Amino acid sequence: MTDAGLGAIPTVDLDRARRLLAGDGPLAVLTGAGMSAESGVPTFRDAQTGLWARFDPSELATPEAWSHDRDTVWAWYRWRQHLVSGSQPNPGHEALAALARTGRRVEIITQNVDDLHERAGNHEVHHLHGSLLRHRCDSCGAGSVIGPPPSGQLSQLTPPRCRDCAGHIRPDIVWFGEPLPAREWDSASTALAEASALLVVGTSGLVHPAASLPSIAARSGIPVIEVNPGHSGLGAAVTIHLRGPAGSILPALFPS
Ligand code: BV8
Ligand code: ZN
């Protein structure tokens, strides 16, 4: 027996998930790249498109890549910024924003570096890995407002120089091997501790410390509901796994 349009999700699982997510307690939502997949933003582990197909994203998203080949890394980020600026929130983003508009406290803890949650209307968003839309100096750390990215797929681009020192402007993004911003991690951890349930959407659960949040929730007795068409590394931390895409399942979990 399944709900129409939700593939092979047993109704009993959907009903149980709705019950665990209902109520007026604060809801924490951990999102990964799969949350933005239906908006046309490639997930972090999907093959990159076009000239980026030959690059491994986890190699490019490192301080080593930046010091070794800054112009290639800068071109990749500006291309991704261009992709995000041309994308729109999907029904999954809209469902979470609609829930917040009911007055329910919804705390979005995202690994994503796009602004689709904000553009859908959620304002409590904790960006654990930074943002494609923010830039800072790689030397003195000064924030920098720069113009829109070029629209073409360029293989090399030279980043602007800092106006205050001899540094280069870099994406305000957390690379592999870099610590997460303490303020965002602390605010996300507080939101999780106060939540009545944790919804995990579209993450492979491979990148730490973000991937540790579901087991932290489970250990403190908070129910964890996962939405993912595929298999993730979250395993035993998950109370219910709803196997399907965010764009179909989230609107069904929070009927407006
Ligand atoms: C840290 C910004 C310590 C970049 C990202 C050696 C040295 C140092 C550290 C380490 C090391 N070895 C391991 C580590 C730890 C490392 C780590 O975890 N590595 C992994 C790979 C093993 N972590 C770090 O380095 C972190 N820092 O540990 O610092 C420290 C402390 C003090 C001082 C110095 C150092 C920093 C990690 C942050 C890296 N930056 N993003 C950028 O985007 O360019 S992470 C990157 O991966 C993205 O943010 C992405 O969100 C994230 C996780 O991937 P997912 O979001 O899960 O995306 P993915 O593609 O994997 O999966 C998509 C999922 O969606 C799939 O499951 C799919 O089935 C599903 N899906 C698809 N379609 C849909 C869907 N779901 C729903 N609906 C759909 N329609
Ligand atoms: Zn500087």
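The values are calculated or read from the model by the stated rules, or taken from the named source; none is laboratory data. The shown structure was predicted, so the numbers you read here are calculated from the model rather than taken from an experiment. Neighbour counts run over all protein chains shown; Cβ positions are idealised from the backbone, glycine included.
Points to keep in mind about this one:
- Residue ID - surrounded by the fewest Cβ atoms within 10 Å (Cβ to Cβ), chosen from residues in the stretch 186-216 that are near ligand 1 (Cβ under 10 Å from one of its atoms) and outside any loop (DSSP other than H, G, I, E, B): S212
- Residue satisfying all of: in the stretch 65-123; buried (at least 23 other Cβ atoms within 10 Å of the Cβ) and β-branched (V, I, T); nearest to L154 (Cα to Cα) among these: V73
- Among the candidates S58, S39, S87, the residue that is part of a helix (DSSP H, G or I) and among the hydroxyl-bearing types (S, T, Y) is uniquely S58.
- Residue within the stretch 116-136 that is at pLDDT 95 or above and more than 16 Å from the chain's Cα centre (by Cα) present: yes
- Of all residues in the stretch 121-142 being over 21 Å from S187 (Cα atoms) and among the small types (G, A, S), the one that is farthest from ligand 2 (Cβ to nearest atom): G141
- Looking across the stretch 239-256, the residues that are more than 8 Å from ligand 1 (Cβ to nearest atom) and either within 27 Å of W175 (Cα to Cα) or part of a strand (DSSP E or B) (or both) come down to I240, H241, L242.
- Any hit, the stretch 117-136, residues being part of a loop (DSSP other than H, G, I, E, B), in contact (Cβ under 8 Å) with a residue 24 or more places away in the chain and charged (D, E, K, R): yes
- Unique match (being within 18 Å of the chain's Cα centre (by Cα), within 16 Å of ligand 2 (Cβ to nearest atom) and in contact (Cβ under 8 Å) with a residue 12 or more places away in the chain) among P181, P171: P171
- Condition check for G230: modelled with pLDDT of 95 or more, in a loop (DSSP other than H, G, I, E, B) and surrounded by fewer than 17 Cβ atoms within 10 Å (Cβ to Cβ): no
- Any hit, the stretch 147-161, residues being touching a Gly at 6+ places or on another chain (Cβ under 9 Å), modelled with pLDDT of 95 or more and either surrounded by 16 or more Cβ atoms within 10 Å (Cβ to Cβ) or aliphatic (A, V, I, L, M) (or both): no
- Pair list, Cβ under 7 Å, 6 or more apart: the stretch 200-225 residue free of Cβ contacts under 8 Å to residues at least 24 places away in the same chain and farther than 13 Å from V29 by Cα, other residue of a type in the set (D, E) and more than 16 Å from ligand 2 (Cβ to nearest atom): none
- The stretch 153-175, subset within 16 Å of ligand 1 (Cβ to nearest atom) and among the charged types (D, E, K, R), residue farthest from R134 (Cα to Cα): R170
- Against the list (1) assigned to a helix (DSSP H, G or I); (2) within 16 Å of ligand 2 (Cβ to nearest atom); (3) of a type outside the set (D, E), the condition C165 fails is (1).
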